[in-house]
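The values are calculated or read from the model by the stated rules, or taken from the named source; none is laboratory data. Keep in mind that what you see is a predicted model, and the values were worked out from it rather than measured. Here the Cβ positions follow ideal geometry from the backbone for every residue, glycine too, while neighbour counts run over all protein chains shown.
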There are 2 protein chains.
Amino acid sequence: MSAPARPLATAAVIAVGSELLGSTRLDTNSLFLADRLSTLGIQLRTKTVVGDDRRGLAEVFKAALSRADLVILTGGLGPTDDDLTREVVAEVLGLELREDPAIIEQIQERFGRRNLRMPDVNRRQAMVPRGATVLDNPRGTAPGLLIEHGGQMIVLLPGPPREMQPMFEGVCARALAPRAGNFRVHKATLFVAGRGESHVEEIAQPIYSRWTSETPPIETTILAMPGQVELHLSVRAEAGVPAEQRLRRAHDELRMALGEDVFSTDGRSMEEVVGTRLRDRGLTIAAAESCTGGLLLSRLTDIAGSSEYVAGGVVVYSNQLKTGLAGVPADLIQAHGAVSEPVAAALADGIRERTGASIALGITGIAGPGGGTPQKPVGTVAIAFSSGQFGSRVRTFSFFGGRPQVKFQATQTALDMVRRALK
Amino acid sequence: MSAPARPLATAAVIAVGSELLGSTRLDTNSLFLADRLSTLGIQLRTKTVVGDDRRGLAEVFKAALSRADLVILTGGLGPTDDDLTREVVAEVLGLELREDPAIIEQIQERFGRRNLRMPDVNRRQAMVPRGATVLDNPRGTAPGLLIEHGGQMIVLLPGPPREMQPMFEGVCARALAPRAGNFRVHKATLFVAGRGESHVEEIAQPIYSRWTSETPPIETTILAMPGQVELHLSVRAEAGVPAEQRLRRAHDELRMALGEDVFSTDGRSMEEVVGTRLRDRGLTIAAAESCTGGLLLSRLTDIAGSSEYVAGGVVVYSNQLKTGLAGVPADLIQAHGAVSEPVAAALADGIRERTGASIALGITGIAGPGGGTPQKPVGTVAIAFSSGQFGSRVRTFSFFGGRPQVKFQATQTALDMVRRALK
């Protein structure tokens, strides 16, 4: 039972509550916990959600004990019959539960402050496994518990984020940091545009595969979504080991190999990167959007402070409005079709002239699901970039996926054209 | 190995991917899966997230097999070294993996359609455990797999929701429904706009609390987000029990009590509801957006077929463009300020005139985080509705939250003005 305390290298998180197994609610506490754990160099191995079910919780808790030094449970500390976390944890660990009079007093006081008497059911919340440390909860009735057991550590936290978070901050500082050992995790990211996952992998894999055999190894994860491929690098190393410097060099090496296609090295989104470049150079931007329907301008204006560099623009679905609002000659549309490079270029030039912006984008395409033809299938999008200082260009792309994916990729590619022009 | 197939009463879901253990991403696939499983009366016992880690995945998969009839894994089917799901599942079950030439052909064809050659790494995606059924993936390169093993069922699905969802719908119909028991869960939803959570609760709670004591009980969950409150009703009953009819009556009762504020009774979004009303009446819509920066038009154009009723519009951040693109008189802005009801009304009227749309919206406000004043704090938004047939109106709102929440609530409220006008 009293095995020597071992350093906390790995963790498992368990969220308890049947409502978290339905189709409407997610356990979001684990995002906060993951962040704090990774800072301490504690590797999160699994996150599990289990219902208010005695047998299920016992199984999940035992499994977590078998794979992690630290097990954190959130939820199931309330006063009702459904709240089983305390009992099940005590039972699995073979610890007797006793009522703690100090907790009863605190809960009574809490109710008293609102001129209520403590309901009898709340006595459950005062049950403490032998040897556990009680964690005060200034924001609710459910105290947390910290148990040292057989060299492992188990932390029970209330479910509501505003009760859980400050309690866990305290646990981190007092109990986890001293035991987290000397290890810390360093992280770096690279976001890539204009290249698919497999092609990024082909370039990156021969490079990062070398690092996995180094000591300590650098781990690389590739994450693909429409219009964006992300590389996440991380290294777990002891204090004193120059891991951060090595990670920096590795990051640089990948960045060199991927070249211009890397658009972000610090987690910032494309719209943020483009916004910064525009602001730093004192430029303004406008857009005339057909198939993207306003998404490009909406993404640009998601960034705080974007009113400094976003002039504005138009959304022109109909041919008539392409002419009326963006000045595209009707005979140009007649000659080439609305989805064509000449029309995209005329949209960009037209809106640049009408807004007086330094840079303008024109987008016209087929977002689907209808409207495709054999010559111009769904996903065909012509994108034009227009400027005085940086020249003009226009290209046609074939994007994949459904309507939202086509819309997103078109805006991502258009923004990327701006980024590359302002390199 | 060939134990008799058992009825599928319980399920465990595993999401595979190290990115899902970090502090930025949640596994959202499990919400969809939970919904479909509950419809079939299959009880979801646990949801687990595990990283791209061979040993961890094997442990988690074994534990899931020990507690559920059906194990569903999402993610880890990509072409890279990180993608371990196929291999680990085959290993734990003791099944040999073989390359399936038909899958190779399909992936090659997929790349070929975009004039790309298949990278060699994609061959991994063609590896199939002996006896498994391959699930086609028309929306991506990763095929899914269905394995019947020792009376249990194991389903491997790709991680991206748009690939996973249609694939799982197919699995439900063909493989799960015939093996699920006699219980079914019936569900109904009500979406409300223009009323906060506590006000919805005040009206709804006295009604739905009666139903929890009925047999079988109808359960009601209230879910609030900025701009929208959702009521989710469900009842679990054996086939033959007239539960669906009772649920329908309960749903109607709540709908009557909440009246006009109910905007959707079938899960459709506000933009879809508004779009349908516009199309059914042969109307068109336009917008002049300032603080929402294109989000309103982007939401409207997220709906397939919206080109029938979305004329277009303008995004006008600067005062100069409010005048230039939407025809707002400069002296009106001078007199009332850009964020004011007269300017909102002029934006709506101006864009309606310039686009010839039947209905137009004008939005001007302070999305934050900067730009607020004591008189007009962040979240202040003036919204105008303009039409011939349905009259015109303008109102000022105070929205809460950060920039994205303010943008969303402003567009939700503007769309809701259209919905109420077209009642």
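Things worth noting here:
- Counted residues, region A:207-230 - those being within 11 Å of another protein chain (Cβ to nearest Cβ), part of a loop (DSSP other than H, G, I, E, B) and within 21 Å of the chain's Cα centre (by Cα): 1
- Verdict on A:A11 being modelled with pLDDT of 90 or more and facing chain B (nearest Cβ under 9 Å): no
- Search result, residues across region B:191-224 that are surrounded by 15 or more Cβ atoms within 10 Å (Cβ to Cβ), more than 23 Å from B:V241 (Cβ to Cβ) and modelled with pLDDT of 85 or more: B:F191, B:V192, B:A193, B:G194, B:R195, B:V200, B:E201, B:I203, B:A204
- You will find that of B:G76, B:G17, the residue that is touching a helix residue (DSSP H, G or I) at 6+ places or on another chain (Cβ under 7 Å), small (G, A, S) and under 22 Å from B:E163 (Cβ atoms) is B:G76 and no other.
- All of (1) under 21 Å from the mean Cα position of the chain (by Cα); (2) in a helix (DSSP H, G or I); (3) not acidic (D, E) hold for A:R255 with one exception: (1).
- Screening A:T24, A:T39, A:T85, A:T46 for residues that are modelled with pLDDT of 95 or more and within 14 Å of another protein chain (Cβ to nearest Cβ) leaves exactly one candidate, A:T46.
- Restricting A:T141, A:T80 to those that are crowded, with 19+ Cβ neighbours inside 10 Å, β-branched (V, I, T) and farther than 18 Å from A:F32 by Cα reduces the list to A:T141.
- Checking each residue in region A:23-72 for being among the charged types (D, E, K, R) and under 25 Å from A:R6 (Cβ atoms) picks out A:D35, A:R36, A:R45, A:K47, A:E59, A:K62, A:R67, A:D69.
- Lone unmet requirement of (1) among the β-branched types (V, I, T); (2) within 14 Å of another protein chain (Cβ to nearest Cβ); (3) assigned to a helix (DSSP H, G or I); (4) within 31 Å of the chain's Cα centre (by Cα) for A:V418: (2)
- Within this structure, A:L233 passes the test of being away from every other protein chain (no Cβ under 11 Å), assigned to a strand (DSSP E or B) and either among the polar types (S, T, N, Q) or under 22 Å from B:G76 (Cβ atoms) (or both).
- Of all residues making up region A:307-339, the number that are part of a helix (DSSP H, G or I), more than 8 Å from chain B (Cβ to nearest Cβ) and touching a strand residue (DSSP E or B) at 6+ places or on another chain (Cβ under 6 Å): 2
- For region B:286-306, filtering for residues that are of a type in the set (V, I, T) and either surrounded by fewer than 24 Cβ atoms within 10 Å (Cβ to Cβ) or facing another protein chain (nearest Cβ under 7 Å) (or both) leaves 2.
- The number of residues in region B:40-95 that are assigned to a strand (DSSP E or B) and among the aliphatic types (A, V, I, L, M) comes to 7.
- Within region B:18-60, the set of residues being touching an Asp or Glu at 6+ places or on another chain (Cβ under 6 Å) and among the hydrophobic types (A, V, I, L, M, F, W, C) comprises B:L20, B:V49.
- Residue check, B:P342 over 19 Å from B:Q409 (Cβ atoms), more than 14 Å from chain A (Cβ to nearest Cβ), not aliphatic (A, V, I, L, M) and not in a loop (DSSP other than H, G, I, E, B): yes
- Selection from region B:380-405 of residues that are hydrophobic (A, V, I, L, M, F, W, C) and at pLDDT 95 or above: B:V381, B:A382, B:I383, B:A384, B:F385, B:F390, B:V394, B:F397
- Taken over region A:181-206, the criterion of being within 13 Å of another protein chain (Cβ to nearest Cβ) and of a type in the set (V, I, T) is satisfied by A:V185, A:T189, A:V200, A:I203.
- Among the residues of region A:330-382, those that are over 19 Å from A:V406 (Cα atoms) and under 31 Å from the mean Cα position of the chain (by Cα) comprise A:I359, A:A360.
- Selected residue [touching a His at 6+ places or on another chain (Cβ under 9 Å) and of a type in the set (V, I, T)] from A:T80, A:T24, A:T85, A:T39: A:T24
- Applying the criterion of being more than 14 Å from every other protein chain (Cβ to nearest Cβ), of a type outside the set (V, I, T) and within 30 Å of the chain's Cα centre (by Cα) to the residues of region B:387-411, the residue that is surrounded by the most Cβ atoms within 10 Å (Cβ to Cβ) is B:Q409.
- Selection of first residues in region B:131-152 that are within 13 Å of B:D100 (Cβ to Cβ) and in the same structural domain as B:Q108 (by TED's automatic domain parsing) and of second residues that are of a type in the set (K, R) and buried (at least 20 other Cβ atoms within 10 Å of the Cβ), restricted to Cβ pairs under 8 Å at least 6 apart or on distinct chains, gives the following pairs, ordered by first then second residue: B:L145/B:R86.
- Any pair with Cβ under 6 angstrom, 6 or more apart, that starts in region B:108-124 at a residue that is in contact (Cβ under 8 Å) with a residue 40 or more places away in the chain and ends at one that is among the hydrophobic types (A, V, I, L, M, F, W, C): B:N122/B:I107
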